[in-house]
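A short write-up of the structure that comes next.
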Amino acid sequence: MSSSITAVPAEAVRSARWRRATEEPVWLKRSLIGLALAFLGLFLVLPLLVVLYSAFSQGLHAWAMAVTEPDALAAIRLTLLVVAIAVPANLVFGVATAWAVAKFEFRGKSVLISIIDMPFAISPVVVGLIFVVMFGSQGWLGPWLSAHDLKVLYAVPGIVIVVVFGTLPFIARELIPLMQQQGKEEEEASLTLGASGWKTFWYVTLPNIKWGLIYGVILCNARAMGEFGAVAVVSGRIRGETNTLPLHIEVLYNEYQFTAAFAVSSLLTGLALITIVIKSLVEWHDERRARRAAH
Amino acid sequence: MSIEIDHVNKRFGDFTAIDNVSLTFNDGELTALLGPSGSGKTTLLRVIAGLEQPDNGRIRFHGEDATDLHVSKRSVGFVFQHYALFKHMSVFENVAYGLRVKPRGQRPDKAVIRDKVMTLLSLVQLDWTAHRYPHQLSGGQRQRIALARALAVEPKVLLLDEPFGALDAKVRAELRRWLRRLHDDIHVTSVFVTHDQEEALEVSDRVVVMNQGRVEQDGAPERIYDYPANPFVYRFLGNVNLFHARIHNGVARIGDVALEAPEFAGYRDAPGEAYVRPHDIEVFADRHHSGALHARIELVSRVGPTVRLELRTDESAHVVHAELSRHRFQELGLVQGGEAWIRPAHSRVFLPDTELAAG
Ligand SMILES: Nc1ncnc2c1ncn2[C@@H]1O[C@H](COP(=O)(O)OP(=O)(O)OP(=O)(O)O)[C@@H](O)[C@H]1O
Ligand SMILES: [Mg+2]
């Protein structure tokens, strides 16, 4: 017994020394933090302020005129429509994929996991071009579509498709590790207690993935609103018709309507800020829950 | 309700987890499923519950085929090794779950559910935890909540996968006696998995010993312990000494010691293996009249009321373990490093490396 009593202080002394040995000098710590803050200030905060300053530089009235002008309203409507379709589509795909990957064994699972990331790896412009090749009048499906009087390219369906494609990985990526880590014991317990598959999903699976799901939706939402490259290719940029907010801003900018461009930008920026706030809240909640669960 | 397992096979890829198992669990019996890690105990339990589909063979509940019945329709209570409580629900909600998810027509009303849950919680002596969450409970408490949750739907069969596996020795011993009493009260056909032989022998009506997906032996605990069907079961149920013997005309000889082995009456000078439990080794301080083996005492260790000896006989290369009471030990006046004579009082003889279903 006595050996363990003397071992405690020895251990403590050793770890204290190690801690000192692994700690960096104060000047290094300060300059690293300073560098990070300066970087953030220069590349994030400053541009944000510029956007807001320029948006309101001609006064509140000019800002209001710019965002309520018919083309701007059309762009806002279109953007919201795209988000309203893309996010739920993503939700269904994400949950289904994560469920399949985490709870079942099947052939080609690892292939599925790696191709989920593809939309992130490919440049948005290329994504747009892929769909032009598929749906364009010279493309694979073009003749069939025009024969049935369906318009995909240079219309809302095309925009929705590229946005859905571009945002596909968000929710699945968020849920797969979460669901894998949770395993399927709780679901199995629910089934043995007589619950149907649907009730099990609703009362057991969903509450367990709720916060991951919300987080995924927020990220997906942000990306769906801001998507530019692919939309620019497939939308045909028809003013007041197929321009989403980012495209509308570019049009205004190219026409030297700087104040209007920044005014509309401030809308997107505002939405982004709200998203970040919600995201932080979710993260904070998540962390608290994880800490609680760890006890 | 009885459970009948009829020639069930289960493979994972080319690995056979359950190898042609046939078993019947009688109505109201508490059976222990015992076996080393990886022997297929959990898999068998999952097949019974419907969480795993057998490759072939049938499962019958009370004579009725249940092989293709969905898990949720089987009325089995399953207590998982790691509890599997619903993390986001309070203890009350966990236990009430099975009642609340019933289809509207069969669902009891709120007050009935409340009464039932509270009754169950007092049955497992945890009514004061109703508003807590699973993470605020100890392992043993979670285990009992998991049991209460399984009992809430009045299952016809209760399956427990290493119910006390994750707990310390003292809590385990308490909980298994408690389980025994509970079983005596409610009398639901129960099967519990364990790899602790003491646990199996202490609380069950019946023990099934499994190894590599097969049933090695099946019977009452005393019978399994006293008459193991084969060397595997012998080794698995507690410590055992192995002596090399020669079998001749129904007698197995180890040096000067002659052991009756009537089942080998027809054998002449065949090699055999005699299995003897440590407490079945008689120890003497001087040469015994009816033949004993001379040995040297290499180690003496006192464990509570018993004394364990490690002895080495003249001819044997490996150590013989013997166990005797402290009282007897003092009476004999044995000392570490001293001499002793030993004789197996009760033994079982097997032919080396053959399976022998002798009783
Ligand atoms: N889903 C699965 N996929 C592949 N192999 C499996 C699967 N489930 C079980 N096995 C294998 O089947 C064998 C039996 O497993 P099982 O879980 O039934 O053992 P066990 O007797 O419960 O062991 P333990 O005492 O360690 O819990 C093991 O070798 C295991 O690796
Ligand atoms: Mg197991």
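Observations
- Chain lengthening between B:Arg107 and B:Gln212 when straightened (0.36 nm per residue, less Cα-Cα): 33.5 nm
- Of all complete DSSP H helices in chain A, those with a Cα span along the helix axis of 15 Å or greater and a mean Kyte-Doolittle hydropathy of -1.0 or more are A:2-22, A:26-40, A:70-103, A:124-135, A:156-167, A:169-182, A:206-226, A:258-294.
- Burial of 50 Å² or greater, the stretch A:168-197 residues [accessible area, probe 1.4 Å, versus chain by itself]: A:Glu185, A:Glu186, A:Glu188, A:Leu191, A:Thr192, A:Leu193
- Per-pair calculated FRET efficiency, R0 = 35 Å: B:His70 and A:Lys210 via Cβ, rounded to 0.05: 0.85
- Residue-level accessible surface for A:Phe56, protein heavy atoms, 1.4 Å, Å²: 80
- Using alpha-carbon coordinates, inclination of helix B:139-152 to the longest axis of chain B, degrees: 60
- Distance violations [Cα-Cα > 23 Å] among A:Lys199/B:Lys110; B:Lys73/B:Lys116; A:Lys184/B:Lys110; A:Lys184/B:Lys102; B:Lys73/B:Lys102; A:Lys210/B:Lys116: A:Lys184/B:Lys110; A:Lys210/B:Lys116
- Cut-off 15 Å (backbone N to label point 7 Å along Cα→Cβ of B:His244), residues of the stretch B:258-297: B:270-275
- The loop-placed trypsin sites (Lys or Arg not before Pro) in the stretch B:57-96, going by DSSP, include none that has at most 16 neighbouring Cβ atoms within 10 Å of its Cβ.
- Contact residues in the stretch A:201-242 (at least 40 Å² less accessible area with all protein chains than alone, 1.4 Å probe): A:Tyr203.
- Rounded accessible area per residue of the protein assembly as shown, 1.4 Å, Å²: 52
- Model label sites at A:His285 and A:Ser123, defined 7 Å from Cα along the beta-carbon direction, differ in position by 3.9 nm.
- Excluding exposed DSSP-loop GluC sites (Glu not before Pro) (at most 10 other C-beta within 10 Å), longest clean stretch of chain A: A:106-254
- For the stretch A:17-80 versus the stretch A:209-270, the inter-centroid distance based on Cα atoms is 17 Å.
- Rounded FRET efficiency, nearest 0.05, which uses the C-beta distance separating A:Ile276 from A:Met65 and R0 of 45 Å: 0.95
- The label point for B:Asn20 and the one for B:Met118, both projected 7 Å from the Cα toward the Cβ, are 5.6 nm apart.
- For the pair B:Ala265 and A:Ser110, a Förster radius of 60 Å applied to the C-beta separation gives a FRET efficiency near 0.45, rounded to the nearest 0.05.
- Among the protein heavy atoms of the stretch B:246-359, carbon and sulfur supply 49% of the accessible surface, probe 1.4 Å, non-protein parts ignored.
- Inter-probe distance in nm under a simple model that places probes 7 Å from Cα toward Cβ, at B:Arg11 and A:Trp144: 4.0
- Interface burial for B against A (accessible surface, 1.4 Å probe, total of both chains, Å², rounded to 100): 2000
The values are calculated or read from the model by the stated rules, or taken from the named source; none is laboratory data. Just so it is clear, the structure is predicted and the values come from calculations on it, not from any experiment. Using ideal geometry, Cβ is built from the backbone for each residue, glycine included, and neighbour counts are taken over all protein chains shown. Only protein heavy atoms, including side chains, enter the accessible area calculation; ligands, DNA and RNA are left aside. Shrake-Rupley method; radii C 1.70, N 1.55, O 1.52, S 1.80 Å.
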